[in-house]
1. What's the local net charge at S23, with K and R +1, D and E -1, over the other residues with C-beta under 15 Å away?
2. Could you work out how far apart the two model spin labels at S5 and A58 are, taking each label as a point 7 Å from the Cα in the direction of the beta carbon, and quote it in nm?
3. In percent, how large is the relative contact order of the range 4-114, given Cα pairs closer than 8 Å and 6 or more residues apart?
4. Rounded to two decimal places and with Rh computed the Kirkwood way over Cα pairs, what is Rg over Rh for the chain?
5. Let me check against my output: what whole-number percent is the relative contact order of the range 55-97, with C-alpha pairs under 8 Å and at least 6 apart?
6. Send over the Kirkwood Rh of the range 65-114, from the inverse of the averaged 1/r over different Cα pairs, rounded to one decimal Å.
7. Of the candidates T96, T48, T66, which one comes out as most mobile in a Gaussian network treatment of the chain with C-alpha springs shorter than 10 Å?
8. So which trypsin sites (Lys or Arg not before Pro) in the range 18-57 pass both tests, a DSSP loop state and at most 11 other Cβ atoms within 10 Å of the Cβ?
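Read the figures in this text as sums done on the coordinates, not as results from a lab. In this text, all values refer to a predicted model and were calculated from it rather than measured experimentally. Ideal geometry is used to build each Cβ from the backbone, glycine not excepted, and the neighbour counts take in all protein chains shown.
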Amino acid sequence: QLQASGGGLVQPGGSLRLSCAASESISSAYVMGWYRQVPGKQRELVATISSGGHTIYADSVKGRFTISKDNTKTTVYLQMNGLKSEDTAVYYCLLTPVGSRGSWGQGTLVTVSS
């Protein structure tokens, strides 16, 4: 089970940090990441990080967002800087152990507005 937190209302140019923690630590290899969705559109990838530390970012967030993880527990963070109105969405985390089906956390709403 995944627990996501950190969403909220922020002004354009501001920052937020999202967290997603798994209820149980995973000892095997995995990929953990953030996706976002706005009404009427498909859920899209924001950033992912593997247990080995390899990261992937959507072009739209490169240079502004940073994904990281806590090596002592199965927790991933998304530091979002320079937020824009188009970043407004519900953000979901996804944990995929290698060779297994992934599981989604509940969404956390990020609203960027003045």
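1. On the way: positive: K73; negative: E24, D70.
Combined, the nearby Lys, Arg, Asp and Glu give -1.
2. 2.5
3. Values: 252 pairs, mean separation 41.2, N = 111.
So the answer I get is 37 percent.
4. Working: Rg = 13.4 Å, Rh = 14.0 Å.
Dividing the radius of gyration by the Kirkwood radius yields 0.96.
5. Details: 23 pairs, mean separation 12.0, N = 43.
Taking the mean separation of contacting Cα pairs over the length of the range 55-97, I get 28 percent.
6. Numbers: mean 1/r = 0.0786 Å⁻¹.
Evaluated on the range 65-114, it is 12.7 Å.
7. T96
8. Details: sites: R36, K41, R43; in loops: K41, R43.
Answer by residue number: K41.
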